[in-house]
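Right, one structure below, let's go through it.
The values are calculated or read from the model by the stated rules, or taken from the named source; none is laboratory data. All figures in this text were calculated on a predicted structure; none of them were measured in a lab. Glycine also receives a Cβ, built like all others from the backbone with ideal geometry; neighbour counts cover every protein chain displayed. Only protein heavy atoms, including side chains, enter the accessible area calculation; ligands, DNA and RNA are left aside. Shrake-Rupley method; radii C 1.70, N 1.55, O 1.52, S 1.80 Å.
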Amino acid sequence: MDYRGLKVLIMGLGLHGGGLASSRFLLERGAEITVTDLRDEETLQPVIKELDTAQRNLNCKPVRYILGKHEIDDFKKADIVIKNPGVRPDSVYLQAAKCIETDLSLFLMESPARLFAVTGSKGKSGTASALHYILSKDRKAGNSFLGGNITVSPLTFLNSLTKDDDVVLELSSFQLGDIKNRKLNDTSPLLKPAAAILTTIMEDHLDRYGTMTQYIEDKRNIYRGQDASCITVAGDDDWGKSFLSESKARSLIWSKSILTENQSGGWINEYGVGLARFINWENISDEITELVPNKLLTPGKHQKLNFLISALAAYAMGVKAQTIRDSLCTYKGIEHRLELFHEENGVRFFNDSAATIPEAAAACIEALTNIDNIKTPLILVTGGTDKNLNFSPLAKEAKNAKELILLEGSGSVKLAKLLDENGISYNGPFDDLEKAVSCAKEKAISGDTVALSPGCASFGMFLNEFDRGRKWKEAVLRLTHLDMN
């Protein structure tokens, strides 16, 4: 598409990189850019500085900024509005726009690469990252790229792509909702991944959607553009079964228990090994094949399930089983997801800030209280802002932690009530992260594990879950360093 001379409004410059990447992409193609964001200039200064540098290097018309507010006339006058996924589609400002795009839609219109798309409520980042790692170890021609909701806009690597490359995109329900029913100029689907991968589905974002049905409706967009040349990977629960029955692609099932002999997919056996069996698949044996080893560098049954899901997609697309096994044996995981980042005086510190729903924090407790079948005392820092979710799974698992430390927020209020009802003690809530870290350090002795796994949104005390994770790590490192001095 030719963007030269078009007036483009970036709605939400943000701090994740999507607004910055969209602005750069469009500046390179000759568009006139206005940026509007409800955040103020001080908050956005690091991103503004990067964008201003890009504008000067391109020697194009300066970017116009409207910060701390939106002006409805900007939306009416713009030829294209680039929407941040976090903005609700029923926004009065978007209603005034002539044409709405996102960084994802701009990317999909031009990408020549083979696409792997991953979504879900829990595990999508871990699955997408592990899949990217596997594909990067199996390069015969092109390269493997990772982007999307994982905070890397795919526009940052679009110019480098060829038809021989693979792209793995983690996609949120918001991003999928933004491209519902979108078509290319030739009327083919805008989103048609070679592999559509759906991880665990749980309650999430009900503060925006209201019901699970509406939330899942957006998730379904990941496979709606597929045909029989593609694959869809989903679980054996009710949601997964509904996805696979609706998808026009070939089905692969992932499960925690053995599949029946007529089902293609994979499961985790009683020894913690991830196995696969493909029935009547071209160039793939019908024999049961090991894809995920028992021993991995990252802890947790849920992590192993994520690796199985990624392994199934890679195996179906031609990656050898040995390559998959070897890759997963050396994979160290990703930032903010059960990330071991520090050890001091026999105490290990983990960052699991991307656990933004109660079930994810519960999974963290399960993973870190039993590492390699060794019982480990856990001090858990948890809580934050509620998303209209049920905290019972976290409250139930919390009894297995040595100590609980709550961060301030509406979610912590709900969690504390359940903890009180069950006679489970806790510290806080704390309105300052350093106070929570100090409390954890006072409680911890050699052999303990300390983890931040909030089970909540980050709004209030932090800009986002990644800001929360970085500040957690900074506070831990700063306070342990002070102790050493």
Report, by residue number, each residue of segment 392-415 that is open to solvent by 10 Å² or more (accessible area, probe 1.4 Å), touching a Phe, Trp or Tyr at 6+ places or on another chain (Cβ under 7 Å) and farther than 22 Å from residue 475 by Cα.
-> 414
Which condition breaks for residue 27 when tested against (1) within 23 Å of residue 465 (Cα to Cα); (2) free of Cβ contacts under 8 Å to residues at least 60 places away in the same chain?
-> (1)
Residue in segment 380-394 that is over 27 Å from residue 131 (Cβ atoms), modelled with pLDDT under 95 and among the charged types (D, E, K, R) present = yes
Which residue pairs have Cβ atoms under 6 Å apart, sit 6 or more places apart or on different chains, and have a first residue in segment 458-470 that is closer than 17 Å to residue 204 by Cβ and a second that is charged (D, E, K, R) and open to solvent by less than 20 Å² (accessible area, probe 1.4 Å)?
-> 458/468
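Condition first: surrounded by fewer than 22 Cβ atoms within 10 Å (Cβ to Cβ) and either within 28 Å of the chain's Cα centre (by Cα) or modelled with pLDDT under 95 (or both). Now tell me which residues in segment 1-11 satisfy that.
Correct list: 1, 2, 3, 4, 5.
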For residue 191, the lone unmet condition from (1) in a loop (DSSP other than H, G, I, E, B); (2) without any contact (Cβ under 8 Å) to a residue 40 or more places away in the chain is (2)
Sole exception among (1) more than 30 Å from residue 181 (Cβ to Cβ); (2) open to solvent by less than 30 Å² (accessible area, probe 1.4 Å); (3) modelled with pLDDT of 95 or more for residue 221, by number | (1)
From the residues in segment 433-471 that are more than 17 Å from the chain's Cα centre (by Cα) and part of a loop (DSSP other than H, G, I, E, B), which one is farthest from residue 369 (Cα to Cα)?
-> 460
Cβ-Cβ under 9 Å pairs, at least 6 apart or on other chains, segment 1-20 side more than 19 Å from residue 109 (Cα to Cα), far side among the aromatic types (Phe, Trp, Tyr) and open to solvent by 50 Å² or more (accessible area, probe 1.4 Å) | 11/93; 13/65
Could you tell me which numbered condition residue 419 fails, if it satisfies all but one of (1) crowded, with 24+ Cβ neighbours inside 10 Å; (2) free of Cβ contacts under 8 Å to residues at least 40 places away in the same chain?
-> (1)
Count of segment 233-271 residues which are open to solvent by less than 20 Å² (accessible area, probe 1.4 Å), farther than 24 Å from residue 215 by Cα and of a type outside the set (Gly, Ala, Ser) = 2
Identify, please: which residue in segment 75-118 is under 25 Å from residue 208 (Cα atoms) and among the acidic types (Asp, Glu) and is, among those, farthest from the chain's Cα centre (by Cα)?
-> 90
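Looking at 294, 269, which is the one that is touching a Leu at 6+ places or on another chain (Cβ under 9 Å) and without any contact (Cβ under 8 Å) to a residue 24 or more places away in the chain?
Numbers: 294 fails: touching a Leu at 6+ places or on another chain (Cβ under 9 Å).
Exactly one residue qualifies, and that residue is 269.
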Segment 12-33, residues that are surrounded by 21 or more Cβ atoms within 10 Å (Cβ to Cβ) and in a strand (DSSP E or B) = 33
State which residue pairs qualify: first residue more than 22 Å from residue 184 (Cα to Cα) and outside any loop (DSSP other than H, G, I, E, B) and inside segment 222-238, second residue open to solvent by 60 Å² or more (accessible area, probe 1.4 Å) and basic (Lys, Arg) in any location, beta carbons under 8 Å apart, and separation of 6 or more residues or different chains.
-> 234/241
